[in-house]
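Just so it is clear, none of the values below were taken in a lab; they were calculated from the coordinates. Because the structure is predicted, anything quoted here is derived from the model rather than measured. All Cβ positions, even for glycine, are placed from backbone atoms using ideal geometry, and neighbour counts span all protein chains on display.
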Amino acid sequence: MSSLAGPRGATPVGRRSLDGMTFGIVPPYLLSRIAGLDTPEFQEAAVAARRTLGRDRELRAARLTFSIDTDDNLIAELSDAPDRTISDAHGAEALPGRVARREGDAPSADIAVDEAYDGLGATFALYSEVYGRNSIDGNGLALDGTVHYGTRYDNAFWNGERMVFGDGDGQVFGRFTSSFTVIGHELTHGVTQYTAGLVYRGQPGALNESISDVFGSLVEQYAKKQTVATASWLIGAGLFTKQVHGVALRSMKAPGTAYDDPRLGKDPQPADFAHYVETTDDEGGVHLNSGIPNRAFYLVAQRLGGHAWDRAGRIWYDTLLSGLRPSTDFAGFAAATVAAAAKRYGDSSAEVTAVRAGWTGVGVASDGAAHRA
């Protein structure tokens with residue numbers, strides 16, 4: 001989950017705002033489960049989860065590079081580059097905190113500062129080098145982050161202007177800076193904010209979450225040069241401590257299998273539309289039902305093979321820029337991905353076939369005619 005809400009009041013030109021909304025990478029249903037734990041070994045985690053739930057309810061750069069061509073001419077090129085500033089809240093809940101590392105600075109002595117710096121850079125690299133997008137807004141937006149937010153804060157979020165990271169409670173969760181998928185996920189909420197502006201409720205909200213999972217996973221895959229076959233397809237791998245029986249917050253490959261713990265329960269995500277969860281919790285189940293489009297993307301990427309950021313990721317990115325309605329539902333998004341694949345690769349292409357098969361595999365029609373919310 002993520003926070004798309006910036007400061008209350010006027011919305012800057014070019015920015016889509018969901019004023020008043022606060023979302024983080026950890027789903028509220030999981031935090032609520034942790035908050036209810038009453039065993040001694042998870043006492044601090046329960047307190048931290050309750051505090052986190054309460055807090056959650058309240059809430060441009062270029063690089064000049066030089067090279068020598070074959071005729072010994074000096075070539076100067078201006079290319080996109082991140083502009084990162086990482087601040088340290090020192091356990092307070094006031095933003096931004098004290099600056100700890102700026103763009104180009106050497107690594108610090110604080111692992112959370114350096115992990116945040118690297119994760120912001122990896123996200124910038126995927127969008128810039130693969131999709132030609134200059135930062136989150138497409139116009140070189142500076143990437144700011146704050147670490148050590150709050151006391152044992154069990155979440156990370158994008159607030160419309162910066163990334164904010166908690167340190168976890170040490171019993172259920174560790175540092176939220178440790179995962180590229182988490183950082184890529186949260187910053188992608190910013191990309192969606194500046195492009196499709198999907199309403200954060202019901203099916204559009206689940207798509208919003210899924211898009212963040214898709215590109216969060218691609219940030220990690222691109223940074224590690226993983227193929228479809230070698231990628232883990234896990235979101236938030238390594239966030240849980242060794243006391244938890246689970247590997248991640250979510251699995252795109254197999255929704256519903258990321259964790260199964262006697263105290264936290266079993267991962268409740270559905271993997272197909274037949275098991276879509278109708279609920280009034282979590283803005284209509286946005287974190288639950290995102291498993292459906294997540295698996296659709298995985299099936300497309302699996303069918304196409306190679307690197308998922310290439311064809312599958314490019315189709316999803318094109319779709320984000322295709323003029324989606326903020327209220328777009330699963331079927332509408334599926335139809336838009338088919339149209340995007342056809343526009344880039346041709347109506348009879350393997351890419352169109354793969355996209356249709358992916359949505360069929362999760363029980364969502366790709367002609368836009370069925371499964372309307």
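Using amide H atoms built in the peptide plane, which far-off residues or other-chain residues are under 5 Å from A100 H to H?
I86, S87, D88
List the lysines whose alpha-carbon lies under 22 Å from that of K224, not counting same-chain residues fewer than 8 positions away?
Counting by Cα, and skipping residues close in sequence, K224 has these lysines nearby: K253.
State, to one decimal in nm², a quarter of the convex hull surface area for the C-alpha atoms of the stretch 76-160, i.e. the direction-averaged projected area.
Answer in nm², one decimal: 6.3.
Label-point separation (nm) for D281 and D367, each offset 7 Å from Cα along Cα-to-Cβ?
3.7
Given points 7 Å out from each Cα along the Cα-Cβ axis, report the V99 to K242 separation in nanometres with one decimal.
4.0
Give me the distance in nm between label points sitting 7 Å out from Cα along the Cα-to-Cβ direction at S348 and A125, one decimal.
Taking the two extended label points, one gets 4.0 nm.
Hey, got the dipole for the stretch 273-320? About the Cα centre, +1 on K and R Cβ, -1 on D and E Cβ, debye to the nearest 20?
420
For the chain, just list the percent of Cα-Cα distances falling in each 10 Å bin from zero outward, please.
Answer for the chain: a P(r) of 5, 25, 34, 24, 9, 2, 0, 0 percent.
Using the crude model of +1 on Lys and Arg Cβ and -1 on Asp and Glu Cβ, and no other charge, please compute the dipole size for the chain relative to its Cα centre, in debye to 20.
The calculated dipole for the chain is roughly 660 debye.
For q = 0.14, 0.23 Å⁻¹, what log10 I(q)/I(0) does the stretch 272-373 give under the Debye formula with an equal point scatterer on each alpha carbon and no solvent?
-0.50, -1.26
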